[in-house]
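As structure tokens, the structure follows; a few thoughts come after it.
Quick note: the coordinates plus some simple rules give every number you see, no bench work behind them. Bear in mind the structure is a predicted one, so any value in this text is a computation, not a measurement. Neighbour counts are summed over all protein chains in view; Cβ atoms, including those assigned to glycine, are modelled from backbone coordinates with ideal geometry.
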Amino acid sequence: MSYTFVAQVMTDTPPPIALPSLEPVADVAVDVGAPIVVGETSAGLRRVVPILGGVATGRIAGRILPGGADFQILKRDDVTELEARYVIETAGGLVYVVNNGVRSGPKHVMDALARGEKVDPALVYFRAIPRFETAAPDLLWLTRKIFVCSGVRLPDKVVLRFYELQ
């Protein structure tokens, strides 16, 4: 493609571009265990939070299988980088979830979360981008869309709402 063509396209009236919207897909409550503190690394404080089970309701409905984990880096700037990996068992088959996200807030709130205390969710920014893998034919739509989620960290669980980006 030549620069002349691109310049011409850019000066024409642009085609209508859809404004993305969000459609709720599922609510997920993940039961978690006590963090395993690996220690202070060059990236920050490394923790691994075991996933013990849980439930999913909505278009993805089933149970969270035990055995997953949330691999976390608690950074010095009161940001926690999250990478949760777990499996949802549904009536239609298994769904492997990789959920990468960020949780941040004021220092005293993030310190309280790290100690396992309950905090006001309105004080915490908690967003993530889940990706799904499945071999189940009726769930393949999960692999063909983009999803985002919001979450709340409670002392013994993480509650998430997944949205499909329309």
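Placing +1 on the Cβ of every Lys and Arg and -1 on the Cβ of every Asp and Glu, with no other charges, gives the chain a dipole of roughly 180 debye about its Cα centre. Using R0 = 45 Å, the C-beta based FRET efficiency linking Asp77 and Leu140 works out to 0.70.
From helices alone, the chain scores -3000 deg cm²/dmol at 222 nm; the rule is -39500 (n - 2.57) for each run of n ≥ 4 DSSP H residues, then divide by the residue total. Convex hull volume of the C-alpha atoms in the range 16-110, normalised per residue: 152 Å³. Thinking of the chain as a set of Cα atoms, what percent of all their pairs are more than 23 Å apart? Value for the chain (Cα pairs over 23 Å): 45 percent. The alpha-carbon of Lys118 sits under 14 angstrom from the alpha-carbons of these aspartates and glutamates, leaving out residues fewer than 8 places away in its chain: Asp156.
Please give the net charge around Gln166, taking every other residue with its beta carbon less than 14 angstrom from that of Gln166, where Lys and Arg add +1 and Asp and Glu add -1. Mind showing how you got there, number by number?
On the way: positive: Arg59, Arg144, Lys145; negative: Glu23, Glu164.
Charge balance in the 14 Å sphere: +1.
Amide H contacts for Leu22 (H built 1.01 Å from N in the peptide plane; partners 5 or more residues away or on another chain; cut-off under 5 Å): Gln166. By the rule of a C-alpha distance below 17 Å, with chain neighbours fewer than 8 residues away ignored, the aspartates and glutamates paired with Lys75 are Glu40, Glu83, Asp111. The alpha-carbon of Lys145 sits under 28 angstrom from the alpha-carbons of these lysines, leaving out residues fewer than 8 places away in its chain: Lys157. Value of Rg to Rh for the range 76-137, rounded to two decimals, is 1.13; Kirkwood radius and Rg both from alpha-carbon coordinates. Here the range 103-166 and the range 55-77 have alpha carbon centers that stand 8 Å from each other.
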